[in-house]
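Chemist: Input: one structure, supplied below.
The values are calculated or read from the model by the stated rules, or taken from the named source; none is laboratory data. Just so it is clear, the structure is predicted and the values come from calculations on it, not from any experiment. Glycine gets a Cβ as well: all are built from the backbone with ideal geometry, and neighbour counts include every protein chain shown.
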Amino acid sequence: MTVESEYSPDSDRIMSVSLGPQHPGAGHFRIRLWLDGDYVVRSEPDPGYVHRGEEKMGEYRNYIQNVPHLERPVILDSSNILFPYAIGVDELMNSNVPARGQYLRVIMAEINRIISHMYFLAIQGYFMGHTTMITWCMGDRDFWIDLGERIGGARVTFAYIIPGGVRNDIPPSAIEKGFKTCDWFDKRMDEYEKIFFDNPMVHQRSDKIGVLSRADAIALGATGTVARASGLTFDVRKDEPYSAYPDLEFKTPVLQQGDSWARAYVALLDMREAVKIIRQALKKLPPGPVRLKLGPQPRVPAGEVYSRTEAARGEMSYHIISDGSPRPYRLKIAPPSTKNLRVLPHLLRGVHVADIPVIYWGLNYWPVENDR
Amino acid sequence: MKERRLKVSSSPLRIKELGLFVRDSMGFDHISAVSGVDWIAKNELEVIYFIGSSTPGQEDFVLAISEMVPRDNPVVPTLVEVWRGAEYQERETHEMFGINFQGHPNQRHILLPEDWNDLPPLRKDYVLPGR
């Protein structure tokens with residue numbers, strides 16, 4: 001029925017191995033492997049080691065209390081996991097978020113996209129044996145964290161995007177710092193291209209490794225960087241423009257190769273677009289209030305909503321049902337890592353053991369985001 | 001639900017047929033989410049498939065296909081053969097709501113421990129410890 005089950009290897013030669021859950025390359029996540037010598041015959045991801053029951057917790061807290069704990073599953077990308085939640089609650093309450101709030105939401109979401117992609121590229125470089133990448137990316141990522149701190153007050157979990165707008169206005173010093181960071185980062189990305197993406201060693205380690213075809217990307221439900229590296233033009237910001245995105249000019253980078261190199265390079269192209277978006281949004285930032293006064297326990301009318309946004313890893317969606325009480329009746333989070341996880345056993349079939357880290361991390365998979 | 005969202009109800013008997021129809025004839029090929037809802041007052045469980053599309057012109061459309069099953073015998077057919085990407089999300093709906101997806105290739109626990117022997121945790125009669 002599934003592609004994997006077509007394999008029927010000689011059972012005497014097969015060794016089953018567990019990669020994880022405490023392996024430095026897996027991170028609270030286990031992959032069960034069946035190996036024939038150095039080749040992976042079959043694999044099965046085994047997530048769940050960091051399951052926290054976010055959806056159940058959401059049913060016990062009101063719509064504002066839900067904000068800080070909902071960003072815990074993916075602290076690298078904390079604004080982007082709150083974005084669809086805020087949009088969903090706004091839609092249920094029929095509230096019109098002020099224009100300045102919409103722009104600030106976009107700015108913060110794009111800063112978080114860069115913070116998340118920098119972490120992704122740092123570890124991907126490390127897995128390819130390119131240690132310069134982990135030092136450069138981790139160092140440069142800090143400038144974006146500093147900018148996020150200037151705007152949101154915290155360094156990682158900003159809790160900035162909330163139902164009704166954003167938590168606070170942007171200080172003037174952060175606007176100035178934002179332009180400076182963008183200009184400087186443009187130059188840095190050129191250097192990344194030279195030292196990492198044009199590097200023959202990196203090409204050898206990632207070209208044609210873990211190729212995902214366009215048709216498989218669709219069938220397996222891939223999204224985000226994984227889908228865009230396989231030739232799928234899949235970007236919720238373009239497909240279903242929300243917030244301030246319709247006013248801003250940017251492209252959706254798409255590559256056709258579908259291999260691990262393309263999945264890393266798409267992240268860099270994503271960051272180039274993110275810088276463009278941040279610069280435009282800072283320039284166009286309209287005056288006015290940044291949020292609606294909702295109070296500590298807003299009344300949300302009964303209804304059902306399915307909201308989605310483009311997070312760093314792909315399509316992040318929420319299914320929220322309100323029964324008119326102060327707390328959600330049902331809060332379903334469908335993060336991009338869950339959608340991309342199904343691609344992993346498909347790609348690992350028939351590869352060398354040494355290629356597993358590159359393929360696994362190339363999917364931009366975050367175990368906590370999947371487990372919630 | 002807002003514009004460009006449509007919720008369709010189906011019976012568990014016909015849902016696979018409907019799934020194949022919307023995938024092949026209408027271009028809804030991207031499985032966005034599989035969700036469950038426990039309607040304890042009505043004594044029913046709901047399974048919802050949210051289907052997006054990669055077909056040009058309808059990427060912004062999300063189709064929700066829902067089916068209702070009784071709480072004491074929640075059996076529905078699996079749609080893994082329609083959207084392969086639904087496999088892990090159906091497993092999650094299985095463990096969280098106790099819904100049995102008939103024909104699923106590997107319906108084991110995915111997030112919960114293998115030896116979980118309490119009620120399915122997202123059912124409304126499962127109360128969080130300490131509450």
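Chemist: Can you pull out every residue in the stretch A:19-64 that is in contact (Cβ under 8 Å) with a residue 24 or more places away in the chain and of a type in the set (S, T, N, Q)?
Modeler: Selection gives A:43, A:62.
Chemist: Go through the stretch A:192-215 residue by residue and tally those that are out of contact with any Leu (no Cβ under 9 Å at 6 or more places or on another chain) and within 14 Å of chain B (Cβ to nearest Cβ).
Modeler: Final tally of qualifying residues: 2.
Chemist: Next question, about the same structure. Got at least one residue in the stretch A:276-291 being away from every other protein chain (no Cβ under 14 Å), surrounded by fewer than 18 Cβ atoms within 10 Å (Cβ to Cβ) and touching a strand residue (DSSP E or B) at 6+ places or on another chain (Cβ under 8 Å)?
Modeler: yes
Chemist: Can you tell me which residue in the stretch B:1-60 is surrounded by the fewest Cβ atoms within 10 Å (Cβ to Cβ), limited to those that are part of a loop (DSSP other than H, G, I, E, B) and within 8 Å of chain A (Cβ to nearest Cβ)? Steps first, answer last, please.
Modeler: First, the residues of the stretch B:1-60 that are part of a loop (DSSP other than H, G, I, E, B): B:1-4, B:11-14, B:25-29, B:40-43, B:53-60.
Imposing the further condition that a residue be within 8 Å of chain A (Cβ to nearest Cβ) reduces the set to B:1-2, B:4, B:29, B:54, B:59-60.
Working: B:1: 13, B:2: 9, B:4: 13, B:29: 20, B:54: 18, B:59: 20, B:60: 17.
Here the residue is B:2.
Chemist: May I pose another question? Return the residue satisfying two criteria in turn: it lies in the stretch A:163-209 and is among the hydroxyl-bearing types (Ser, Thr, Tyr) and surrounded by 13 or more Cβ atoms within 10 Å (Cβ to Cβ), and of such residues it is farthest from residue A:271 (Cα to Cα).
Modeler: Here the residue is A:206.
Chemist: A further question on this structure: Which of the following residues is surrounded by 14 or more Cβ atoms within 10 Å (Cβ to Cβ), among the small types (Gly, Ala, Ser) and farther than 14 Å from residue B:49 by Cβ: B:98, B:85? Lay out the reasoning, then the answer.
Modeler: Numbers: B:85 fails: farther than 14 Å from residue B:49 by Cβ.
One residue alone meets the criteria, B:98.
Chemist: Closer than 25 Å to residue B:53 by Cα, at pLDDT 90 or above and part of a loop (DSSP other than H, G, I, E, B): which single residue out of A:227, A:274, A:222, A:262 fits that description?
Modeler: Selected residue: A:222, the only one of A:227, A:274, A:222, A:262 that is closer than 25 Å to residue B:53 by Cα, at pLDDT 90 or above and part of a loop (DSSP other than H, G, I, E, B).
Chemist: Now for a different question. Does at least one position in the stretch A:334-341 carry a residue that is touching a residue at least 12 places away in the same chain (Cβ under 8 Å), more than 13 Å from every other protein chain (Cβ to nearest Cβ) and of a type outside the set (Lys, Arg)?
Modeler: Of all residues in the stretch A:334-341, those touching a residue at least 12 places away in the same chain (Cβ under 8 Å) come to A:334-341.
Then keep just the ones that are more than 13 Å from every other protein chain (Cβ to nearest Cβ); that gives none.
The answer is no, given that none of the residues of the stretch A:334-341 is touching a residue at least 12 places away in the same chain (Cβ under 8 Å), more than 13 Å from every other protein chain (Cβ to nearest Cβ) and of a type outside the set (Lys, Arg).
Chemist: Of (1) out of contact with any His (no Cβ under 8 Å at 6 or more places or on another chain); (2) outside any helix (DSSP H, G or I), residue A:305 satisfies all except one. Which?
Modeler: (1)
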